[in-house]
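The values are calculated or read from the model by the stated rules, or taken from the named source; none is laboratory data. Nothing here was measured: the structure is a model prediction, and the numbers come from that model. Cβ placement follows ideal geometry from the backbone for every residue including glycine, while neighbour counts extend to all protein chains displayed.
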Amino acid sequence: MIKFRFATVDDVPMILSFIKELAAYEKMSDEVTATEDLLRERIFDKRRAEVLFALENGIEIGFALFFHNFSTFLGKDGIYLEDLYIKEKYRGKGYGRAIISELAKIAVERDCGRLEWWCLDWNKASIDFYLKLGAEPMNDWTFYRLDEKHLRELAK
């Protein structure tokens, strides 16, 4: 039976390990610049995000990293799911759905108006999974990003 627990500061090495596994899966390993010190500071000292672990028989088999955002239209905060990852040998067993369900419970308990996330266009398995949950792609929206270099230039 799957269980959940929130990460503690002692879990920082495991969080980074999950992030690196996810990056390898997404073919983006070269983009990981997070360190244990950065994660400790941002997640636990500054409380900018939360991490939920999924456990099978007491072993962490997946994680979700999320934080609150805010909808001006709803007048409520929401939960933004930054990362969801299940270790390969545990996929296809319903754990992804269980994590999303647990995040939905957290969102309802916190009176959030929505749960949102992004998915890579090539990740058909995840897209199909999200559609089965009732998630709707936001096709009318385009995602924009200023990277750190451009942030610094713009801030001058």
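Data table
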{"quantity": "Residue in the stretch 30-66 that is nearest to LEU16 (Cα to Cα), counting only those that are out of contact with any helix residue (DSSP H, G or I) (no Cβ under 8 Å at 6 or more places or on another chain) and of a type in the set (D, E, K, R)", "calculated": "ASP37"}
{"quantity": "Test set (1) within 27 Å of ASP10 (Cβ to Cβ); (2) loosely packed, with under 13 Cβ neighbours inside 10 Å; (3) among the β-branched types (Val, Ile, Thr) - VAL108 fails condition number", "calculated": "(1)"}
{"quantity": "ALA98, sole failed condition from (1) of a type outside the set (Asp, Glu); (2) touching a residue at least 60 places away in the same chain (Cβ under 8 Å); (3) within 18 Å of ALA23 (Cβ to Cβ)", "calculated": "(3)"}
{"quantity": "Test result for ILE59, surrounded by fewer than 15 Cβ atoms within 10 Å (Cβ to Cβ), at pLDDT 95 or above and either under 28 Å from ALA24 (Cβ atoms) or touching an Asp or Glu at 6+ places or on another chain (Cβ under 7 Å) (or both)", "calculated": "yes"}
{"quantity": "Among residues of the stretch 110-143, those that are touching a strand residue (DSSP E or B) at 6+ places or on another chain (Cβ under 9 Å), under 19 Å from LYS27 (Cβ atoms) and not hydrophobic (A, V, I, L, M, F, W, C), counted", "calculated": "1"}
